[in-house]
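Participant: Quick one: this structure, given as C-alpha cells, is what I'll be asking you about.
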Amino acid sequence: MQVADQPKTLFDKVWDAHVVERRPDFPDLLYIDRHFIHEVTSPQAFDELRRRGLRVFRPGQTIATADHNVPTIDQHLPIREPLSRKQVATLEANCAEFGIELYGLGHERQGIVHVIGPELGITQPGRTIVCGDSHTSTHGAFGAIAFGIGTSQVAQVLATQCLLQHKPRSMRIEVNGTLRKGVTAKDIILYIISKLTTSGGTQHFVEYAGSAIRSLSMEGRMTICNMSIEMGARGGMIAPDDTTFEYLYGRPFAPRGKAWDEAVARWRRLPTDEGAAYDAVHVFDAHDIEPMITYGTNPGMAIGISRPVPHPADATEARALEYMGIEPGKPLEGQPVDYVFIGSCTNSRIEDLRAVASLVQGRKKAPGVTVWVVPGSKQVEAQARAEGLDRIFEAAGFQLRQPGCSACLAMNEDKVPSGKYCISTSNRNFEGRQGPGARTLLASPLMAAAAAVTGKVTDVRKLLESAALATI
Amino acid sequence: MIRTTCIPLPVENVDTDQIIPARFLKATTRAGFGDNLFADWRYLPDGSPVPDFPLNDPRYAGAKALVAGRNFGCGSSREHAAWALADYGIKVVISSFFADIFRGNALNNGLLPLQVSEELLQRLFRQIEADPATEILVDLENQSLHIPALDESVTFDIDPYKKLCLLNGYDDIDYIRSRREAIEAWEKGLRI
C-alpha cells in the first residue's frame, strides 16, 4: 500500500536521507558526508585508530586544516611555542600517515575550518558535516546538517564514516521584516539568544527562516548558524536558495557542468514542505532588533545598545556582572574598551572586513586601543589586500594579522590581559575565554569598528549618520 | 554501584572553557587533564590554590560526584572537559540540565551525567552545605539515585544503548564497524 508522503522539514529530509539503520530504542546510524578536522581535537582520535590497528575508512571525505592553535604573525617561521609546534606537527604527521588532505600553515587555502569549508565548496546543501568543534553549525547556512562532536566521535567518523545519533527535535526560528540601519546578522543572532537564553535550544536542531533571514548574504547566514550552539542547539540550518547556489557556483569542489545542474535540481527540493510540523516555533520581528552587545559572561546576556544593563536575577548573573566590572541599571554606551578583536568563525569573512573598512575609512583608532583584524582564511586575507582594505586598516592603526582562531579562544599568543575590556566579533564571552581575567563584549563587526574609532562602546548608528552627512 | 560524597558547585551554565581552559588543550594525549580541571577558578595567578573553591576544600576530598547548577557543560565541544573530570576522579556529575555535546562526551568516557529535578538539586546543595560528609548512592543498572540523608530515592533517565555500553564496556566504534555491510550498501544507494 502506498502511503502519501508526510510534509517534511528541511532537517527531516537531510537527516532521514542519511540514516543507514534505524532500530527501536537505539540511536540512528547516521552517515557523515564530510568531516573536518583540526590540530586540537584530532590527535587523540588518531591515537585511537592506531591503538586498534585501524585505517581511516574514507580518507577522501575528511579534510584537515590548522587553525585553533596557530600564531597570527610570522606564519612562515617555525611556531615558537613548543607545545603548539608539536600539536601542528602531529596533525601534519597524522594526515600524511592516514592519507588526509591538509590545508595547513603556508597553504594558500589555509584558514579557520568553518571559513575554508564553504570557500572550497565542500560545504553543500543536503550534506551531513561534522567536526570536533561546536561551531560546525556554521555550515548549516547552506542547508546542510552540521554539528560539533567530541574527539571519541572524531575517531568513530574516521573509522566508520558514521555516528550513532538520536534524532534531535526540530525548532523553527522565523525573523520577519526589514532590518534597521546598522543592524546585521550578528545582531539578529545575539537578539535571538538573548530571548531564548543560552540553553533555550538544547536538544533541538534549528531552522532559521523568514524574510529577514532570506535577505541575508551567505556570510550573514553563516554568522547566524554559527552561533546556534550558543543557545545550546545541536545545529542550525537555512534552506538553500539562489543566494546559496550563486555563492557555490564555480568553487573548487562544487559540481560542474551537467552535475551542477543536477545538483541544483536536487537542492531545490530540500526546503521545508508546506504544512510540515516543528517541535517548537519562535517568531521575531526584525524591526525590534537594534545593534546588540553583551554585558555578561554568556552570549545570552546581551542587550540592544540603547537598553540598560539588567539588574542580576540570581547569584550566577551577579557573579557575571562582578567579573565584568559592569554596573547594572545603565546602558553600556561609553564603556571604555582596551582591545578590539575582529575575527573568528563567526565574523572573519570578506563581508565582515568590508563592513569594518567602510566605517573606519578616513578615521583612526582611538589612542590606547589595540585593534586586531584576523581574517578567516588566506583567501579572505588575499581578497582584503586586493580590495585595498589592508591600506585602510593600516591608516587607521589596525593590525591586519594572518588567519586563525586567534583571540576567540586565546589558545595561541593572542590573549587579552586580565581585567581588560575587549569588544569582540567572536562568539563566546565566557570568563577567561580571551585570556585569564579578560572581559569580553560580543558585538557585530560594525559595532567593534565603532568602538575602535571612539575607544568606547558606541552606538554605531551615530557614526553611520555622521559618515552619511560627511559625504553630502 | 557508586557510593560517594559530593563536591558542590552551585553555579549555573558552567561552560567547558571553565572546566578546562583552552590554553591547556595543547596536549596530544588524553592523560593528565585533571590537574587543570577548573584551573581559573581553582588556582590564583601564582598557582596557589583558591582557598574557598570546593575542589580545594579538604571536606570534599576524595568525592567521586560533582553536583553542579543547571546547563552544565555548555559551550565548546572539547572532550577534554570530560577527560579532565574523569582524570580528576569524578565518576558522576549531577545537575538539573546538561548541554548536549557534553552529555555525549561524558558517556563516551565512562562519566555519568545524572539529571535530577531543579528542586532535588537545590535540596542536595543545601544538604551538602549542612553536612559535607553527605553520601549518595548511584546504581546505574537500576537507574536509581539514593540520598539517605534526604531519605530520597529517585530514578534517572539514560539512553538505553549508552547504558548497555557503560555496563559492558562496549564502545561505538566496535558496534558501528560491525555494521560495515549496511554502511557500504548505503554508500551505493541514492543520496540527496
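The values are calculated or read from the model by the stated rules, or taken from the named source; none is laboratory data. Since the structure is predicted, the reported quantities are computational estimates derived from the model, not experimental observations. Positions of Cβ are generated from backbone atoms using ideal geometry, with glycine treated the same way; all protein chains shown enter the neighbour counts. The accessibility values were calculated without ligands, DNA or RNA, using every heavy atom of the protein model including side chains. Shrake-Rupley method; radii C 1.70, N 1.55, O 1.52, S 1.80 Å.
Participant: Before we move on, is A:Q124 over 17 Å from B:Y175 (Cβ atoms) and open to solvent by 10 Å² or more (accessible area, probe 1.4 Å)?
Facilitator: Yes.
Participant: List, please: which pairs have Cβ atoms under 6 Å, are six or more places apart or on different chains, and start with a residue in region A:224-239 that is more than 13 Å from every other protein chain (Cβ to nearest Cβ) and among the aliphatic types (A, V, I, L, M) and end with one that is open to solvent by 10 Å² or more (accessible area, probe 1.4 Å) and in a loop (DSSP other than H, G, I, E, B)?
Facilitator: That search, which allows pairs on different chains as well, returns A:A239/A:P271.
Participant: Something else: Is it the case that region A:342-358 has a residue that's surrounded by fewer than 18 Cβ atoms within 10 Å (Cβ to Cβ) and either at pLDDT below 95 or assigned to a loop (DSSP other than H, G, I, E, B) (or both)?
Facilitator: No, because not a single residue in region A:342-358 is surrounded by fewer than 18 Cβ atoms within 10 Å (Cβ to Cβ) and either at pLDDT below 95 or assigned to a loop (DSSP other than H, G, I, E, B) (or both).
Participant: Another question, then. Filter region A:248-268 for residues that are in contact (Cβ under 8 Å) with a residue 40 or more places away in the chain and closer than 26 Å to A:P7 by Cβ and give the result.
Facilitator: Those that are in contact (Cβ under 8 Å) with a residue 40 or more places away in the chain and closer than 26 Å to A:P7 by Cβ: A:A263, A:R266, A:W267.
Participant: If you go through region A:439-455, how many residues are open to solvent by 10 Å² or more (accessible area, probe 1.4 Å) and assigned to a strand (DSSP E or B)?
Facilitator: Residues in region A:439-455 being open to solvent by 10 Å² or more (accessible area, probe 1.4 Å) and assigned to a strand (DSSP E or B): 1 in total.
Participant: Something else: Looking at region A:359-388 only, could you name the residues that are of a type in the set (A, V, I, L, M) and either open to solvent by 10 Å² or more (accessible area, probe 1.4 Å) or in contact (Cβ under 8 Å) with a residue 40 or more places away in the chain (or both)?
Facilitator: If the condition is that a residue be of a type in the set (A, V, I, L, M) and either open to solvent by 10 Å² or more (accessible area, probe 1.4 Å) or in contact (Cβ under 8 Å) with a residue 40 or more places away in the chain (or both), then A:L359, A:V360, A:A366, A:V369, A:V371, A:V374, A:V380, A:A382, A:A386 are the ones that fit.
Participant: Moving on. Test each condition in (1) in contact with a Ser or Thr (Cβ under 8 Å, 6 or more places away or on another chain); (2) away from chain B (no Cβ under 14 Å); (3) surrounded by fewer than 22 Cβ atoms within 10 Å (Cβ to Cβ); (4) not aliphatic (A, V, I, L, M) for A:W267 and report the one that comes out false.
Facilitator: (2)
Participant: Further question on the same structure: How many residues, within region B:159-192, are at the interface with chain A (Cβ under 7 Å from one of its Cβ atoms), acidic (D, E) and open to solvent by 70 Å² or more (accessible area, probe 1.4 Å)?
Facilitator: 0
Participant: For region B:110-127, name all the residues that are under 17 Å from B:D159 (Cα atoms), within 14 Å of chain A (Cβ to nearest Cβ) and open to solvent by less than 40 Å² (accessible area, probe 1.4 Å).
Facilitator: Scanning region B:110-127 gives B:L111, B:P113.
Participant: Counting just the residues of region B:96-109 that are touching a residue at least 40 places away in the same chain (Cβ under 8 Å) and outside any loop (DSSP other than H, G, I, E, B), which one comes out least open to solvent (accessible area, probe 1.4 Å)?
Facilitator: It comes out as B:F102.
Participant: Additional query: State whether one or more residues within region A:137-144 are within 14 Å of chain B (Cβ to nearest Cβ), within 30 Å of A:S358 (Cβ to Cβ) and among the β-branched types (V, I, T).
Facilitator: yes
Participant: Condition first: within 14 Å of chain A (Cβ to nearest Cβ) and either in a strand (DSSP E or B) or loosely packed, with under 12 Cβ neighbours inside 10 Å (or both). Now tell me which residues in region B:133-158 satisfy that.
Facilitator: B:D157
Participant: Let me ask another. Restricting to strands (runs of 3 or more DSSP E) lying wholly in region A:1-72: which have 3 or more residues that are more than 12 Å from every other protein chain (Cβ to nearest Cβ), touching a Ser or Thr at 6+ places or on another chain (Cβ under 8 Å) and at pLDDT 95 or above?
Facilitator: A:34-37
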